[in-house]
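The values are calculated or read from the model by the stated rules, or taken from the named source; none is laboratory data. Since this is a predicted model, take the numbers as computed values, not measurements. Don't worry about glycine lacking a Cβ; one is built from the backbone with ideal geometry, like all the others, and counts go over all protein chains shown.
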Amino acid sequence: MHPLLMLSYWARISPERPALIQSNMVITHGALEQAVAACAARIHACGFDREKPVAVAIPDPAKLLAVCLALLRNGIACAPVAHNIVPSLVANGVTDLIFAPGSQALPDGNNVGFDDSWLRSSGMPAATTADPIPATNMIFFTSGTTGTPKKVVLPAAALVARVTLANAVGDTRFNKVLMGPGPTTTFGFTRLAALLAAGKTIVFAGDVSYPLKLIETFKVDAIIASPQQVLALVEMIEADPGYRLDSVREIRIGGSALSADLARRVQSLLCRSIVTEYGATETGLVALAPYETIRGTPGAVGFVLPGICIEIVDENHQPVPAGEEGLIRGRSDSIQAVFEANLGGGADENKEAWWYPGDFGRLTERGILCIGGRSDDVINSGGVKVSAVVLDQLVCSFPGVRDAGVCAGGGGAGIDEIWIGLASDADIDLAALKQFVEASQNFQLRVGPVIRIEKIPRNDLGKLQRHELKALLVASDGGQAGADATAADSNQHSTRA
């Protein structure tokens, strides 16, 4: 059942129940339905071509969600996007944009301005469709870990399947859920749709400076977030422990790896029950498990869910035995549908197609999926290879480091070495940190510069943007191996031992 049908249902039977909560407003299920209907009428009046997708760039997540649901109701494919994606839209065949004042517009496209009047009934006629809920695609853009955002078309059937799965794995058993991921990601949008379809209340964490106040005031009983968003919550609690947060019964963490240190802090300060998740834009949820069930298994993200086949293969695409590391690949009916929407071809042609996320990992004999990092996150130094993700976690374990990341940088004789970027408010001995990394890893890789930067570049789900990190480190180091550098404009400095 499409979540839009359930949105109308809850608006009829529980119109006064809160649907969306932000720092500045509470929106009931009845008011949300009215806002979606009003936006649908305004969109119809704009005369958009139903054969062409429309992007939506509105910073406010509740308003963006209302416009996206209205586009789907009118049978128009929609692409909820963050501001940094707008310059890439035209190149990906999206030439229509609904944007809010102050947001970036398309340099060469059809730009339609959004304001709050869209959310109020204006008496405009609504669109008419043969199907009350058209089978309309959505478009999402991946984080672009290589620097170029990737367009992924999500068929309506795949959206419905993911909403159904979210209900099956327990996402919707809580009444008030604090959402970290926003509606511009599949992780965020499908969870929002599932919770609304179940008649629940969503509390948007957003960029507000007081999510702890929201948790306390509205008695939030579950949190869905990335590790980076959970880390921010934990640091707020550590800085201001006066809030009552005992309403939180479970935290679901996905988007990137959960470290043992962060899990310990979460269980100590916020909630004992943690569920870890693994998935992707093309697949939706792939694996999950209670943290206590898989703790102690390096890189574990969960048990593979029914309905999806996951294999670990070597460089020749041949399966490897349980416990051995290799490239992760998967296939399922949902993946097949996404392939058909993005690559064309019929069902038979895509039936045997495999999805490769670019991660390497292993499957234990118990069926636990373990992630070792991305295949393009491997640092190769003269033939010696090591996972950059492992080194990220190692540097982050050093006392005083708030956040950190590593990348391959040019070293002597043309052999790559480890470059380290760190963000910290503490006075850290960078030479000692370098010695700690060199002494802790058994790969005999040379550690190059250790460079302070104000912030480690990450996407909305907390994934490190390694290409951006490398550009920052190269700029800070002046591009000269063996030289100290100072970036006065950003208070950055580097050191080499």
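What to note about this one:
- Residue count, region 30-48 (criterion: over 15 Å from Arg120 (Cα atoms) and not hydrophobic (A, V, I, L, M, F, W, C)): 1
- Of all residues in region 451-478, those being surrounded by 21 or more Cβ atoms within 10 Å (Cβ to Cβ) and more than 21 Å from the chain's Cα centre (by Cα) number 6.
- A Cβ distance below 8 Å, combined with a sequence gap of six or more or placement on separate chains, defines the contacts here; from region 253-271, residues that are more than 13 Å from Glu238 (Cα to Cα) and free of Cβ contacts under 8 Å to residues at least 40 places away in the same chain reach residues that are of a type outside the set (D, E, K, R) and part of a loop (DSSP other than H, G, I, E, B) in the pairs Ile253/Ser226.
- Residue that is farthest from Gly372 (Cα to Cα) [pool: residues in region 259-283 that are part of a strand (DSSP E or B) and touching a helix residue (DSSP H, G or I) at 6+ places or on another chain (Cβ under 9 Å)]: Ile274
- Taking region 284-334 as the region of interest, the strands (runs of 3 or more DSSP E) fully inside it that hold 1 or more residues being in contact (Cβ under 8 Å) with a residue 60 or more places away in the chain and not charged (D, E, K, R) are 284-290, 300-304.
For (1) out of contact with any helix residue (DSSP H, G or I) (no Cβ under 6 Å at 6 or more places or on another chain); (2) farther than 30 Å from Val90 by Cβ; (3) modelled with pLDDT of 95 or more, each residue gets a yes or a no:
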residue: Leu7; (1), (2), (3): no, yes, no
residue: Leu20; (1), (2), (3): no, yes, yes
residue: Asn24; (1), (2), (3): yes, yes, no
residue: Arg50; (1), (2), (3): yes, no, no
residue: Leu64; (1), (2), (3): yes, no, yes
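- Selection status of Arg265, over 14 Å from Leu178 (Cβ atoms), in the same structural domain as Gln22 (by TED's automatic domain parsing) and loosely packed, with under 15 Cβ neighbours inside 10 Å: no
Conditions tested, residue by residue: (1) of a type outside the set (Phe, Trp, Tyr); (2) touching an Asp or Glu at 6+ places or on another chain (Cβ under 6 Å); (3) under 23 Å from Leu69 (Cβ atoms); (4) in the same structural domain as Asn459 (by TED's automatic domain parsing).
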residue	(1), (2), (3), (4)
Thr190	yes, no, yes, no
Ala194	yes, yes, yes, no
Ala198	yes, no, yes, no
Val203	yes, no, yes, no
Leu212	yes, no, no, no
Glu216	yes, no, no, no
Ile223	yes, no, no, no
Gln228	yes, no, no, no
Ala232	yes, no, no, no
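- Condition check for Val338: in the same structural domain as Leu212 (by TED's automatic domain parsing), surrounded by 19 or more Cβ atoms within 10 Å (Cβ to Cβ) and under 26 Å from Phe141 (Cα atoms): no
- All strands (runs of 3 or more DSSP E) inside region 123-224 with 2 or more residues being β-branched (Val, Ile, Thr) and at pLDDT 95 or above: 201-204
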